[in-house]
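Written below as structure tokens is the structure these notes are about.
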Amino acid sequence: MVKKPFYITTPIFYPNAKPHMGHAYTTVLCDALARYHRLMGEDTYFLTGTDEHTEKVVEAAKKQGKDPEEYLEEIVVGFKDLYKNLDISYNQFIRTSDQEIHWPGVVEMWNRLVAQDDIYKSEYVGLYCQGCEKFLTEKELVDEKCPDHNTEPEKVSEENYFFRLSKYTDKIKKLIQSNEIKIVPEKRKNEMLAFLSKGLQDISFSRPKEKMTWGIPVPGDDSQTMYIWMDALTNYITALGFGRGEENMKFWPGVHVVGKDIVRFHTIFWPAMLLSAGLPLPKAVFVHGMIISNGKKMSKSLGNIINPQDMIDKYGTDATRFLLLKHVHPFEDTDITWERLDEWYEADLVNGLGNVVARVMKLAEMHLPEPIGQPTVAGFAQEYTGPLDSYDFHGAINYVWRCIQKLDQKITEEEPFKVVKEDPDRGRKIIAECVQDLYIVGRMLYPFLPEANKLIKATILENKKPENLFPRLG
Ligand code: MSP
């Protein structure tokens, strides 16, 4: 039987600094969805990587007295180390400076847009924000500064190549309205429709090489460098072999997971490029909220940064994944502080999952003469698969925690530890049921807490109470 393909992507991250909590969050979320689809037996491909052609990389490298290539090597190792420590099961890590893997497909994409007469040269006058890597309008400025970066954008007047985005306004609007470009959640769909109702302008798709020194040259005109978003968005297919043999293009179209700040690029610009190039549109774009701390965006100057590696050092890999998946709201901004993380860790992992595993396996070890063997799981509950099939990992994880609670309640109410003394057969039967239920919980944890999943299975097969799964915080 041919397995159904499933393709999921993180945004490719700017590597001008070490990975932060936002990167960790998006990537854990994608990992959970990728693992779920593998659990369902689908042929799953999970892509992540780095978006390297930004002037910020050139500056960051200069500060350290390195050239961009050398600087990037180290930063990329940092990303990969973090992913390892978060148990991220990516299939490919793409780097946009990779001239073999990435560049041919970007050139192919450019040429396809040219073939449709969707690229033309013109004068550009505008305000460019380096922080956003995009042009801003006067209206978007606050006190003449970019509100996100608090810096004055650069006044620019230059020759650029433009992409005829305006041509696709009506098409994209219809595709979003009809959910052919599926945007989750609904409120982001409505935001994009509101944005489209004002009409789209053509966008600058290249900059002079003197201004953008680091990037992919425009085919046939190397005095111009391609716009970083044109280059970056195309990664989703260059990774699959677009422009160089197409070896994995069977995975396209895929699901993109992005933060709310880059929805427009993924639901409007990217689909317009794909339409122009004659390629299928993404299956869905899932838009998550932001992690903030103490009511504010995390920043060095505010001193409220929570570093993902510090979380892993404190709570461990599984617990860090869990805290991000269960306690960060999928669609709204979520405030995290160390105090709150500690509380969640204690409540859900130490007193929740950890306690139930210990309780069940202690009973099993004491009262069952032998391991129950590997239970067969006929399938997963609709309350678990339903939400996950529509990217609602939060709904699914909440369901698993309800199962954990129920299991705890069952032991409290049915008191197998007492029953087993009066009626050993009945007592053992209840305990064996609890072990079975625990096994199913363990299986369902696989996308979220892969280590706990393994450990629960192993303890059941050995019929032994495990070491403390989630130690209390000292
Ligand atoms: N390079 C572009 C994406 C190109 S995709 C073709 C980019 N990179 S980024 O490194 O700035 O951000 C990547 C992702 O991290 C975005 O989806 C962004 O929303 C997410 N996050 C950045 N900070 C975040 C939080 N504090 N919380 C959650 N996610 C956040 O944009």
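The values are calculated or read from the model by the stated rules, or taken from the named source; none is laboratory data. Just so it is clear, the structure is predicted and the values come from calculations on it, not from any experiment. Every residue, glycine as well, gets a Cβ built from its backbone with ideal geometry; the counts of neighbours run over all protein chains shown. Note: areas computed on protein heavy atoms with side chains; ligands, DNA, RNA excluded. Shrake-Rupley method; radii C 1.70, N 1.55, O 1.52, S 1.80 Å.
Would you mind classifying segment 239-380 by shape? Square roots of the alpha carbon gyration tensor eigenvalues, ordered a ≥ b ≥ c; an a/c under 1.5 is rounded, otherwise it is prolate if a/b is larger than b/c and oblate if not.
Numbers: a/c = 3.11, a/b = 1.40, b/c = 2.23.
Judged from the Cα gyration tensor, segment 239-380 comes out oblate (a/c at least 1.5, b/c at or above a/b).
Extension gain, E422 to K63, is 121.8 nm, computed as 0.36 nm per intervening residue step minus the present C-alpha separation. Accessible area per residue for segment 219-370 is 35 Å², calculated with a 1.4 Å probe on protein heavy atoms, without ligands, DNA or RNA.
Can you give me the % of accessible surface on the chain that is carbon or sulfur? Probe 1.4 Å, all protein chains present, nothing else counted.
48
Rounded to the nearest Hz, the phi-derived 3J(HN,Hα) couplings of segment 408-419 under the Karplus curve 6.51 cos²θ - 1.76 cosθ + 1.60 (θ = phi - 60°) are 4, 4, 4, 5, 5, 7, 8, 6, x, 5, 8, 4, where x marks glycine and proline. Overall form of segment 178-247: oblate. Here a/c, set by the Cα gyration tensor axes a ≥ b ≥ c, is 1.5 or more, and a/b is not larger than b/c.
Pull up the DSSP beta bridges for the chain and report the antiparallel fraction as a percent, rounded to 5.
Details: 23 of 45 bridges.
Within the chain, antiparallel bridges account for around 50 percent of the total.
Here is the link list: K62/K297; K173/K198; K145/K187; K134/K171; K18/K260; K18/K62. Which ones come out longer than 18 Å on Cα distance?
Numbers: K62/K297 27 Å; K173/K198 11 Å; K145/K187 28 Å; K134/K171 24 Å; K18/K260 21 Å; K18/K62 16 Å.
Beyond 18 Å: K62/K297; K145/K187; K134/K171; K18/K260.
In this structure, the amide hydrogen of G289, modeled 1.01 Å from its nitrogen in the peptide plane, lies closer than 5 angstrom to those of F331, E332, counting only residues at least 5 positions away or on a different chain.
With +1 on the Cβ of every Lys and Arg and -1 on the Cβ of every Asp and Glu, and nothing else charged, how large is the dipole of the chain about its Cα centre, in debye rounded to the nearest 20? Spell out each step's value before the answer.
On the way: 59 positive and 70 negative charges, 207 e Å.
Its charge dipole is roughly 1000 debye.
Sorted on the mean count of surrounding Cβ atoms within 10 Å across their residues, most packed first, peptides 133-140, 208-215, 271-278 read 271-278, 208-215, 133-140. When the charge dipole of the chain is built from unit charges on Cβ atoms (+1 for Lys and Arg, -1 for Asp and Glu) and taken about the Cα centre, the candidate among I119, L86, A60 whose Cα reaches farthest toward its positive end is L86. Here's the picture: a label point sits 7 Å out from the Cα of I292 along the beta-carbon direction, and within segment 304-337 the residues with their amide nitrogen under 20 Å of it are 304-308, 324-337.
Evaluating 6.51 cos²θ - 1.76 cosθ + 1.60 at θ = phi - 60° for every residue in segment 215-226, the Karplus couplings come out as x, 8, x, 5, x, x, 8, 7, 7, 10, 10, 5 Hz, glycine and proline recorded as x. Phi-derived couplings, Karplus 6.51 cos²θ - 1.76 cosθ + 1.60 at θ = phi - 60°, listed residue by residue for segment 443-460: 4, 5, 6, 3, x, 9, 10, x, 6, 4, 4, 5, 5, 5, 4, 4, 5, 5 Hz, with x used for Gly and Pro. Paramagnetic label reach from Q309 (point 7 Å along Cα→Cβ; backbone nitrogen cut-off under 16 Å): within segment 13-46, residues 15-25. For F162, the residues whose amide H sits under 5 Å from its own are Y120, K121, S122, F205, ignoring neighbours fewer than 5 places away on the same chain, with H placed 1.01 Å from N. Here's the picture: charge each Lys and Arg Cβ at +1 and each Asp and Glu Cβ at -1 in the chain, and of P153, V400, T225 the one pushed furthest to the positive end of that dipole is V400. Within a straight-line Cα-Cα reach of under 14 Å, K465 can be paired with the following aspartates and glutamates, leaving aside sequence neighbours fewer than 8 residues apart in one chain: E365, E370.
Accessible surface computed residue by residue for segment 1-130, with neighbouring protein chains in place and a 1.4 Å probe, gives 41 Å² per residue.
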